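A short write-up of the structure that comes next.
The values are calculated or read from the model by the stated rules, or taken from the named source; none is laboratory data. In this text, all values refer to a predicted model and were calculated from it rather than measured experimentally. Every residue, glycine among them, receives a Cβ derived from its backbone with ideal geometry; neighbour counts consider all protein chains shown. Surface areas here come from the heavy atoms of the whole protein model, side chains and all, with no ligands, DNA or RNA. Shrake-Rupley method; radii C 1.70, N 1.55, O 1.52, S 1.80 Å.
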Amino acid sequence: MNLNKFIKIQRLVVGLRRSFYQKFWGMDIHDSVVFSMTAKLDKTHPKGMHIGKNTYIAFGASILSHDMVRALKLDTHVGENCFIGARSIIMPGIKIGNGCIVAAGAVVVKDVPSGSIVAGNPAKVIKTDIVTTKFGVLVR
């Protein structure tokens with residue numbers, strides 16, 4: 001059975017969820033952002049969430065904008081045309097530049113320059129000067 005026939009339903013549900021995040025929680029998420037139903041966006045400091053256009057957030061990824069231990073509420077930015085891999089974690093206050101790829105399972109604790117791929121725990125830049133298109137698809 002091909003599950004691609006359900007993609008329109010999934011995109012509708014994600015669109016409704018994104019609208020809820022934008023209007024009810026006050027998150028700054030571009031209308032073109034697509035994310036998995038299991039992606040977690042921090043609701044403790046929702047106004048600190050900023051996600052640019054044409055970004056994709058895969059299943060189980062967590063993007064945080066608060067740190068309970070240090071009692072901080074920080075702005076977390078994800079740029080345009082990015083791909084945030086499955087089960088990755090982006091810590092509060094991090095800035096991910098435009099055209100970046102965060103590998104699956106990465107724990108991002110430092111800012112990521114535009115046009116980079118990061119992987120690992122803690123995440124390290126493994127490639128620079130990349131070019132991505134919509135949803136972080138790698139061109140070169």
Scanning the range 58-88 for residues that are out of contact with any Lys or Arg (no Cβ under 9 Å at 6 or more places or on another chain) and either aliphatic (A, V, I, L, M) or farther than 20 Å from V34 by Cβ (or both) gives M68, V69, R70, A71, L72, L74, I84, A86
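In the set I126, I117, I130, which member is aliphatic (A, V, I, L, M) and crowded, with 19+ Cβ neighbours inside 10 Å?
Values: I126 fails: crowded, with 19+ Cβ neighbours inside 10 Å; I130 fails: crowded, with 19+ Cβ neighbours inside 10 Å.
Sole residue among the options that is aliphatic (A, V, I, L, M) and crowded, with 19+ Cβ neighbours inside 10 Å: I117.
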Collect the residues in the range 80-89 that are closer than 15 Å to V107 by Cα, open to solvent by less than 60 Å² (accessible area, probe 1.4 Å) and touching a Cys at 6+ places or on another chain (Cβ under 9 Å), keeping them in residue-number order.
-> I84
Being touching a residue at least 24 places away in the same chain (Cβ under 8 Å) and part of a strand (DSSP E or B) is the filter; apply it to the range 28-40 and report the residue that is surrounded by the fewest Cβ atoms within 10 Å (Cβ to Cβ).
-> V34
Residue among K43, K47, K5 that is over 16 Å from the mean Cα position of the chain (by Cα) and surrounded by fewer than 17 Cβ atoms within 10 Å (Cβ to Cβ) | K5
Considering every residue within the range 51-64, establish whether at least one is touching a residue at least 60 places away in the same chain (Cβ under 8 Å) and assigned to a loop (DSSP other than H, G, I, E, B).
-> yes
Is there any pair with a first residue in the range 65-79 that is over 22 Å from H30 (Cβ atoms) and a second that is of a type in the set (S, T, Y) and open to solvent by 40 Å² or more (accessible area, probe 1.4 Å) whose Cβ atoms are under 8 Å apart and which are 6 or more apart or on different chains, and what are they?
-> M68/T44
In the range 57-79, anything of a type in the set (V, I, T) and surrounded by 16 or more Cβ atoms within 10 Å (Cβ to Cβ) is listed as I57, I63, T76, V78
